[in-house]
Amino acid sequence: MKKFAQVFDNNMKNFINLDEIPAKDLRKIIFDAKRRKNLRKKLNTLEVDKGAPLKGKLLIQMFEKTSLRTRLSFYLAIKQLGGSTLTLRADELHMSGGGESIEDTAKILSTFGNAFMLRTDSDKKLEDFKRYLSIPIINGLSPSSHPTQILSDVFTVEEIKKKSISNLNITWIGDSNNVLNSLIMASVKFSFKLNIGCPKNYRPKENILTYINNNKNKISFFSDAKKAVNGADVIFSDKVISMNDKVNKKKKLNEFKKFKIDEELMSFAKSDCIFLHCLPRGSEVDEKVFSSKKSKVWQQAMNRVHVQKSILLYCFGKLR
């Protein structure tokens, strides 16, 4: 008997990659997050937003990769909107041992839950779930992208700089990974200048380079970290050795020695340049920079709650 994908409600939307979402919708999410954060100034952590817009809704989360900030922020996000969450480990499900198909798993998730957030080690798995779910799916991190992180980072930059990110110079120093891929997509969507500083043999994969070439962009690559940060308003970074990075770690760390973010490198950026890091950190940033007034990593981490609330409302078709 032929099997069919579940029927998807047209009012609901997925949140998988930034390049798939209209720029006007991304801007609406950021605007809503700003408004909601302002309205929560006098509320405690678990107090519900006025109107409880997602009352009665269940967000199911599944983690195939380790998580701290994504796990906590989505938990608080759905709670503050009046809903609830259930967190699953991949190894707890029949699917993990091949005992149940993604199609059947998706049908059960769609029956019991109202949205599904997946942090996965497989881009294909995201697409397979998207095909069979009849509820929204949110990418909590995949090998090729980390969209919720970067949209929250755009929010943080604008909150601190008090101007549109399109008028700022953004620099990335570090390895080409899923976070950078999403930052590149954000650069195209929000039209901001992006300098990428990394060794030549660690530049993004061909499909990302093709994406850059096919879109109007302000993206430049530098093999000299000092040139990359020249005139920067914001410097982003991430761990040089990412989760499950199957490389010669000693060799890779050695090749990134000249890209360490220290006080000397920061001096080549603008005097009011800020430092952001999606965490956890490694040896890519000096403690003096990480703990300095220029570092806004804790504000950056907390803002994920506010932006993910607005992402959830977008997915449920309730963003106004």
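Measuring against 27 Å, Cα to Cα, the residue pairs Lys125/Lys239; Lys24/Lys107; Lys24/Lys65; Lys189/Lys288 contain Lys24/Lys107; Lys24/Lys65; Lys189/Lys288 as the ones spanning a longer distance.
Would you work out the Kirkwood radius for segment 159-226? I mean one over the mean of 1/r across all pairs of different Cα atoms, in Å. Mean inverse Cα-Cα distance, inverted, gives 12.3 Å.
Note on the chain: with neighbouring protein chains present and a 1.4 Å probe, carbon and sulfur make up 51 percent of its accessible heavy-atom surface. Residues whose amide H lies under 5 Å from that of Val234, counting only those 5 or more places away or on a different chain, are Asn169, Thr171, Ile274; hydrogens are built 1.01 Å from N in the peptide plane.
Please calculate how many Å² of accessible area the chain carries per residue, with a 1.4 Å probe and no DNA, RNA or ligand atoms counted. Can you show the working numbers first?
Values: 15590 Å² over 320 residues.
Value for the chain: 49 Å² per residue.
In sequence order, segment 33-38 has phi-based couplings of 5, 4, 5, 5, 5, 4 Hz under the Karplus curve 6.51 cos²θ - 1.76 cosθ + 1.60, θ = phi - 60°, and Gly or Pro positions carry x. Highest mobility in the GNM of the chain, judged by mean-square fluctuation with C-alpha springs under 10 Å and restricted to Gly197, Gly51, Gly282, is found for Gly51.
Rounded to whole numbers, the Karplus 3J(HN,Hα) couplings from phi for segment 307-314 are 6, 5, 4, 6, 5, 4, 5, 4 Hz, using 6.51 cos²θ - 1.76 cosθ + 1.60 with θ = phi - 60°, and x at Gly and Pro. Distance distribution note for segment 1-89: the fraction of Cα pairs above 21 angstrom is 47%. Principal-axis analysis of the Cα atoms of the chain puts helix 102-112 at an angle of about 70° to the longest axis.
Working ranking of peptides 119-130, 151-162 by packing, defined as the average number of other Cβ atoms within 10 Å per residue, highest first, is 151-162, 119-130. So what does log10 I(q)/I(0) come out to for the chain at q = 0.07, 0.14, 0.15 Å⁻¹, using the Debye formula with one equal point on every Cα and no solvent? Here the Debye-derived log intensity ratios amount to -0.28, -1.11, -1.25. Evaluating 6.51 cos²θ - 1.76 cosθ + 1.60 at θ = phi - 60° for every residue in segment 80-89, the Karplus couplings come out as 5, 8, x, x, 9, 9, 10, 9, 10, 9 Hz, glycine and proline recorded as x.
The angle separating the long axis of helix 123-132 from the principal Cα axis of greatest extent in the chain is about 30 degrees.
Size estimate for segment 125-281 follows the Kirkwood approach: the inverse of mean 1/r over distinct Cα pairs works out to 16.3 Å. Could you please state, rounded to a whole Å, how far the C-alpha centre of segment 226-240 is from the C-alpha centre of segment 68-102? Centre-to-centre (Cα) distance: 34 Å.
The values are calculated or read from the model by the stated rules, or taken from the named source; none is laboratory data. This one's a predicted model, so the numbers in the text were calculated from it and none came from an experiment. Reconstructed Cβ throughout: ideal geometry from the backbone, glycine too, with neighbour counts over all protein chains shown. When the accessible area is computed, the model is the full protein with side chains, heavy atoms only, and any ligands, DNA or RNA have been set aside. Shrake-Rupley method; radii C 1.70, N 1.55, O 1.52, S 1.80 Å.
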